[in-house]
Amino acid sequence: MVELSVLQQRFGIELVESTFRDNRRIDVPAAKLFDLLSCLKSDHGFNTLIDMTAVDYLEYEGATDRFGVVYMLLDVFGGERVIVRTAVNLPDPKLPSVYSLWRGADWMEREVFDMFGIVFDGHPDLRRILMPEEFAAFPLRKDYPLKGRGERHNFPVITRAGS
Amino acid sequence: MAVGLPENVFMTKLDAAASWARSNSLWPMPFATACCGIELMATAASRHDLARFGAEVMRFSPRQCDLLIVAGRVVMKMLPVLQRIWLQMPEPKWCISMGACACSGGVFDTYAVVQGVDRFIPVDMYVPGCPPRPEQLLAAVIDMQAKVRRTGTVMGKEFMARDTPMGPEPFESEERYRIQDANLVQLGGFSAAMTSAGMKRGAGNHG
């Protein structure tokens, strides 16, 4: 099991550890994120990025940052799991891409970009993955209306006489 | 009778004869995107047996079909595909909107789901249900046959009159205001994010 003190020695004291049930979570500032993740991968054997997603904390009670970005790591051989969380804010939500560490981050980062507009520096092909390319918003942001801004009605109408 | 017809000869109109033939050989184009598609398959399978009504020939090329069955929800990314398939089908053609989602969006009243395909393509028959039972789809096919026999013409003149979409009101008022607001701000922040992400396509459309 990776000791927090080992990581703290290497990265300073900004790391905060917490647990929920059997989940172990490490909060890290965005500036140290890539170093921490690459250290976890190379020195502590977390060879798999299980999942990666983001949370919009707009109007969330007690939240100080707008977006939380969550990385779930797994050590396939040791069976150890850890969750690394970081925070980004408007107007320029930007994080380093972890594509160079885990190839599986490719589509996950594209999805987070598509839904939240968080930009991943160094991603080889950061395009929308779920929404159509001409879509002009980030629909999982909490300030985006559930029913959209009329995108679902913005199509030509084909009538009987016209087809 | 002054002039008797020979045996095995009867007189009818060409329209009626063509419509009779067409109605008994509807070839469906299954546009199945969700659970309604499973019911559509069940309708075609042996227990319910769509073949009894001459409509068992599911063709996966729209060029060979004359009955589009939209089974399931259609999202905004899929709608251009649906419209293209409809345009690719040769005349005469009809459309069945199957299930709550295809008819009205169903419970999926969200930004990505089209609130009824009849807003964007012409629909002849609606099947309610979530999903509808195969019997309901069979009833729709039978009604469709009746409609074809009742209104059909050889040259397809029955289609010419319908030049307006027959769906519900396109917008709720609240949504119309949101569209206006979005057009006012012109989505400036979005363009900046897209440019900084190095997106080549798409970004130029929202200047």
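The values are calculated or read from the model by the stated rules, or taken from the named source; none is laboratory data. Keep in mind that what you see is a predicted model, and the values were worked out from it rather than measured. With ideal geometry, Cβ positions are generated from the backbone for all residues, glycine too; neighbour counts draw on all protein chains shown. Each accessible area value is taken on the protein alone, full model and side chains, heavy atoms only, with ligands, DNA and RNA left out. Shrake-Rupley method; radii C 1.70, N 1.55, O 1.52, S 1.80 Å.
Here are a few things to note about the model shown:
- The ellipsoid that matches the Cα gyration tensor of segment A:1-159 has semi-axes, each √(5λ) in whole angstrom, of 33, 18, 13, with the longest given first.
- In segment A:4-89, chymotrypsin sites (Phe, Trp or Tyr not before Pro) in a DSSP loop with at most 13 other beta-carbon atoms within 10 Å: A:TYR60, A:PHE77
- Chains A and B, summed buried accessible surface - 1.4 Å probe, Å², nearest 100: 3700
- Residues in segment B:7-58 average 61 Å² of solvent-accessible surface per residue, probe 1.4 Å, ligands and nucleic acids excluded.
- Where both bridge residues fall in the protein assembly as shown, DSSP classifies roughly 55% of the beta bridges as antiparallel.
- Shielding of peptide B:82-91 by partners, expressed as the average count of other chain Cβ atoms within 10 Å per residue Cβ, is 2.
- Cα-based helix-to-principal-axis angle, A:105-116 vs chain A, degrees rounded to 10: 60
- Mean residue ellipticity, 222 nm, helices only, the protein assembly as shown: the sum of -39500 (n - 2.57) across DSSP H runs of n ≥ 4, divided by residue count and rounded to 500, is -9000 deg cm²/dmol.
- Sorting B:68-74, A:37-43, B:149-155, B:120-126 by their mean Cβ neighbour count within 10 Å, with the most densely packed peptide first, gives B:68-74, B:120-126, A:37-43, B:149-155.
- Shown here for segment A:51-114: trypsin sites (Lys or Arg not before Pro) in loop regions (DSSP other than H, G, I, E, B) with at most 16 other Cβ atoms within 10 Å, namely A:ARG103.
- Span from the segment A:118-163 Cα centroid across to the segment B:15-46 one, whole angstrom: 32
- Globularity index of segment B:28-130, i.e. its alpha-carbon radius of gyration over 2.2 N^0.38 Å: 1.01
- Mean separation of Cα pairs under 8 Å and 6 or more residues apart, divided by the residue count, gives segment A:1-78 a relative contact order of 22 percent.
- Loop-located GluC sites (Glu not before Pro) across segment A:7-112 with a Cβ neighbour count of 13 or fewer within 10 Å are A:GLU14, A:GLU59, A:GLU61, with loop assigned by DSSP.
- Rolling a 1.4 angstrom probe over the protein assembly as shown with all protein chains present gives an accessible area of which 56% lies on carbon and sulfur atoms.
- Chain A: angle of helix A:33-44 to the longest principal axis, Cα-based, in degrees nearest 10: 50
- Under-5 Å amide H pairs with A:LYS94, H placed in peptide plane, nonlocal only: A:ASN89, A:VAL119
- Per residue accessible area of segment A:72-148, 1.4 Å probe, in Å²: 44
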